[in-house]
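The values are calculated or read from the model by the stated rules, or taken from the named source; none is laboratory data. What you see is a predicted model; the values in this text were computed from it and never measured. Glycine gets a Cβ as well: all are built from the backbone with ideal geometry, and neighbour counts include every protein chain shown. Keep in mind that these areas ignore ligands, DNA and RNA; they rest on the heavy atoms of the full protein, side chains included. Shrake-Rupley method; radii C 1.70, N 1.55, O 1.52, S 1.80 Å.
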Amino acid sequence: MKLSKKNILFIVSILASIVCTWLFVRNIEWVLLKNALRDANYWFIIPTLILTLLVYVVRAIRWRGLLSHIKPVSVLDLLSVTCIGFMANNVLPARVGEVLRPFILTKKEDIKFSTSFATVIVERIFDMLGLLIFTVVIIALLPHPAPPRIPTLADVSAGQVCAISESILPSLKKWTEVFAVIGIATIATLFCVVLKPDFFRQILSKFCFFLPHKVKDKIFGLYESFVYGLKILENKTQAGWILALSIFIWILGGAEIYLLGFSFHMHLPFVGACLVAVCLALAVALPQAPGYIGVFHIAVLKSLHIFGIETTAAQSYAIVLWAISILPSTIMGFVFLWREGIAFREVVKLEEEIAEGKLEELEGVTRDIK
């Protein structure tokens, strides 16, 4: 039996989540975990939830900025589409939400699909740029290792931070220069594409010379849409605003992690919480089962270990953080999906088309959704 691309990707994703889940649960002491969850101060979940929801609002505002040179769209409509996209990413494989968002936007605002899809690509580029800048600053601000000391019983029972690992810090500091170079090169490349689109189109043509004409036409069509989406960079003020919002999104992510730490009596420095956010962002970008099960948890656990957080405290914290990160966005996504009058079966159909690589059939899916 020949495996399809969809099945291969699904198997790899499930295996990744199974392995990470096993790594997370293999050392759990269930009695201690139960006690940690029972003794947590859950009042801090309220401000953490507010920050979580604020992230989606800021994302909608940023998307509105990316669409400003195409068509004005209300923040509420974009918040609706954004939440639906994240819900789809949470419950379905193949990152279907990244394609579902421009399709719904096409339905709502009569914007060409390739154009709206280009804004999503540019949005992810700004996410990457924001993360690079955020990472460089965070690593530069990491405290130097404190002299080793024997943890007290109070430290262990409270799950308090001892000190950042002395062996980890130099390695992280070395990566600062690498991230900085990548960020500068990416920004420079994007501006060059905007200034000289024909030149880069010629380069792309040379790389695609061996492809069939039908495939080349699709690639060049996506390139033109991508360049059109990058037109936002021609307005330097607007581009700076979009980048600032992108960095702010990552700061909010760090603030969520920092605030929730108080629920489990963890004295994690804010810069440490931001580093956990960076590790988590890199981890969830990997292939994995829907809902980021396992990969999310082990990423939080291992990044908290960098700061000496005791394992049981880190495990209980990871479980609650996962629930706060996944459940509200999923619920909001289903509510907005109902608001938009879209059946969930249409979302599943779109996921199947994406997983099989049948991109030429996606326009038909859009018509069905309408």
Hey, can you tell me all the residues within the stretch 38-50 that are in a helix (DSSP H, G or I) and either modelled with pLDDT under 90 or of a type outside the set (A, V, I, L, M) (or both)? 38, 39, 42, 43, 44, 47, 48
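Just to check your reading of the model, which residue among 204, 222 is at pLDDT 80 or above and either in a helix (DSSP H, G or I) or surrounded by 12 or more Cβ atoms within 10 Å (Cβ to Cβ) (or both)? So that I can check it myself, show each step before the final result.
Details: 222 fails: at pLDDT 80 or above.
Sole residue among the options that is at pLDDT 80 or above and either in a helix (DSSP H, G or I) or surrounded by 12 or more Cβ atoms within 10 Å (Cβ to Cβ) (or both): 204.
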Output the number of residues of the stretch 79-105 satisfying the condition of being open to solvent by 10 Å² or more (accessible area, probe 1.4 Å) and either at pLDDT below 85 or hydroxyl-bearing (Ser, Thr, Tyr) (or both). 6
Is there any pair with a first residue in the stretch 225-246 that is at negative phi and hydrophobic (A, V, I, L, M, F, W, C) and a second that is open to solvent by less than 10 Å² (accessible area, probe 1.4 Å) and outside any helix (DSSP H, G or I) whose Cβ atoms are under 9 Å apart and which are 6 or more apart or on different chains, and what are they? 232/67
Where a residue in the stretch 7-23 is over 18 Å from residue 96 (Cβ atoms) and its partner, wherever it lies, is open to solvent by 80 Å² or more (accessible area, probe 1.4 Å) and assigned to a helix (DSSP H, G or I), with Cβ under 7 Å and at least six apart: none
Quick one: would you say residue 21 is of a type in the set (Ser, Thr, Tyr), within 17 Å of residue 296 (Cβ to Cβ) and in contact with an Asp or Glu (Cβ under 9 Å, 6 or more places away or on another chain)? no
For the stretch 65-78, give me each residue that is of a type in the set (A, V, I, L, M), touching a residue at least 40 places away in the same chain (Cβ under 8 Å) and open to solvent by less than 30 Å² (accessible area, probe 1.4 Å). 66, 67
How many of the residues in the stretch 297-311 are open to solvent by 10 Å² or more (accessible area, probe 1.4 Å) and either of a type outside the set (Val, Ile, Thr) or modelled with pLDDT of 90 or more (or both)? 7
Name every residue in the stretch 263-274 that is open to solvent by 10 Å² or more (accessible area, probe 1.4 Å), of a type outside the set (Phe, Trp, Tyr) and outside any loop (DSSP other than H, G, I, E, B), in order of residue number. 271
Assess whether residue 285 counts as being open to solvent by 20 Å² or more (accessible area, probe 1.4 Å), small (Gly, Ala, Ser) and out of contact with any Asp or Glu (no Cβ under 8 Å at 6 or more places or on another chain). yes
